[in-house]
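Asks: My structure is below; once you've seen it, I'll send some questions.
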Amino acid sequence: MARSLTVLGIAGSLRQASFNRGLIRAAAEIAPAGMRIAVHDLSSIPLFNADLEAEGDPEPVADLKRAIADADALLIATPEYNHGVPGVLKNTIDWLSRPPRGSALNGKPVALMGASPGVTGTARSQSQLRQAFVFTNSYAMPQPEVLVGRAHEKFDAEGRLSDEVTRKFIAQFLDQFVVWIGRFAAGSPTTAR
Ligand SMILES: Cc1cc2nc3c(=O)[nH]c(=O)nc-3n(C[C@H](O)[C@H](O)[C@H](O)COP(=O)(O)O)c2cc1C
């Protein structure tokens, strides 16, 4: 039987009625058999400060680093603010990127999603995140891209993703993520030298 996968899900929004939190919840509901998505909240992550870091990671940061290290992969749902990654999420990635080359993100498979009321569905924010993951040496799945535009038409009043086409697409995306994670699993073929 295939090993079960633990995926850590984070949304780059602190808003209770956030579409991106809704996306992560939907992914957790839709996850294929053998994949469990554990949701982690970012509201207690402090602003990055190298002086704080020098005293040792604050507990919420240490907790998140442990959760990522223990997970097989990371799933992120990002909003887009001013054509880029919201500070809440970028700040979290800055903490997680430390120490460089030895961070919890090093070698971690990642998949990205995003939702916004606009038509581009966080395309620019996701592009910026992919750049950050080059530095952290994280393996961001290139395709499929989950760009949920006109989000206000796709979630119900309780913040549940109600659009069936989008739910089906996320199911297919998660199936592809299983394959992507498998590429980096221990025992996968590597180069000969
Ligand atoms: C400061 C700010 C900047 C924003 N900039 C963009 C933007 O560049 N592109 C976009 O599609 N939406 C933008 N929006 C709208 C967000 O996509 C929208 O508020 C969305 O609901 C945020 O995600 P959430 O629902 O997960 O909190 C912006 C919103 C805020 C508050």
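Just so you know, all these numbers are worked out from the coordinates, no wet-lab data involved. These figures come from a predicted structure and were not determined experimentally. Using ideal geometry, Cβ is built from the backbone for each residue, glycine included, and neighbour counts are taken over all protein chains shown.
Asks: Would you work out the relative contact order for region 52-193, in percent, from Cα pairs under 8 angstrom that are 6 or more residues apart?
Replies: 21
Asks: Turning to a different aspect of this structure: Modelling each spin label as a point 7 Å along the Cα-to-Cβ direction, I'd like the residue 33/residue 134 distance in nm, to one decimal.
Replies: Spacing of the two 7 Å Cα→Cβ label points: 4.1 nm.
Asks: For the chain, evaluate the Debye formula with one uniform point scatterer on each Cα (no solvent term) and list log10 I(q)/I(0) at q = 0.12, 0.13, 0.17, 0.19 Å⁻¹, rounded to two decimals.
Replies: -0.56, -0.66, -1.13, -1.39
Asks: Roughly what would the spin-label model give for residue 49 and residue 17, points 7 Å off Cα along C-beta, in nm?
Replies: Distance between the two pseudo-spin positions: 3.4 nm.
Asks: Here's a follow-up. Simple spin-label model, 7 Å along Cα-to-Cβ: residue 167 to residue 6 in nm?
Replies: Computed distance between label sites residue 167 and residue 6 equals 2.8 nm.
Asks: Another question, then. Per-residue counts of other Cβ atoms within 10 Å, averaged by peptide: what ranking do you get for 10-18, 158-166, 43-51, highest first?
Replies: Details: 10-18: 18.8, 158-166: 14.3, 43-51: 11.7.
Top of the packing list down: 10-18, 158-166, 43-51.
Asks: Past the 20 angstrom mark, what percentage of all C-alpha to C-alpha distances in region 30-105 do you count?
Replies: On the way: 1007 of 2850 pairs.
Roughly 35 percent, once rounded to a whole number.
Asks: With a cut-off of 8 Å between alpha carbons and a minimum separation of six or more residues, what is the relative contact order of region 90-168 in percent? Show your work: numbers first, answer last.
Replies: Details: 99 pairs, mean separation 24.6, N = 79.
It comes to 31 percent, rounded to a whole number.
Asks: Once every DSSP H run of n ≥ 4 in the chain is given -39500 (n - 2.57) and the sum is divided by its residues, what mean residue ellipticity at 222 nm do you get, rounded to the nearest 500 deg cm²/dmol?
Replies: Numbers: 6 runs with 72 residues, N = 193.
Calculated from helices alone, the mean residue ellipticity at 222 nm is -11500 deg cm²/dmol.
Asks: Taking amide H positions as placed 1.01 Å from N in the peptide plane, with prolines and chain starts having none, which residues 5 or more places from residue 5, or on another chain, fall under 5 Å of its amide H?
Replies: Hits under the 5 Å cutoff: 35, 36.
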